[in-house]
Amino acid sequence: MEYVENKDWWNNKISQISDRIKDGWDMPPLIAENRNGTFSIRDGNHRLGALEKKCYVIIWDNNSLENIQL
């Protein structure tokens, strides 16, 4: 993770989001950026940490498709 958070804060936030997801929250998609062939979550790190299933992701890519490495 790019920005490190206090472990207790992280776990509390993840627990809250997990409960919302289980209750049917219509979660917004994550936003990911292609940074020289590596994807970086730009919005949604807590949601990503709470996920137990597939989700939608918006990929922000300022590079050409030729440079993407999956």
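Where a number appears in this text, it was derived from the coordinates with a stated rule and is not lab data. All figures in this text were calculated on a predicted structure; none of them were measured in a lab. Quick reminder, even Gly has a Cβ in these numbers, built from the backbone with ideal geometry, and neighbours come from all protein chains shown.
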For this session: Using a 10 Å Cβ count of at most 14 others and DSSP loop calls, identify the longest part of the chain lacking such chymotrypsin sites (Phe, Trp or Tyr not before Pro).
Result: 26-55
Exercise. Rg(Cα) of the chain divided by 2.2 N^0.38 Å?
Worked result: 1.25
For this session: Sum -39500 (n - 2.57) across every DSSP H segment of at least 4 residues in the chain, then divide by the residue count to get the 222 nm mean residue ellipticity, nearest 500.
Result: -9500 deg cm²/dmol
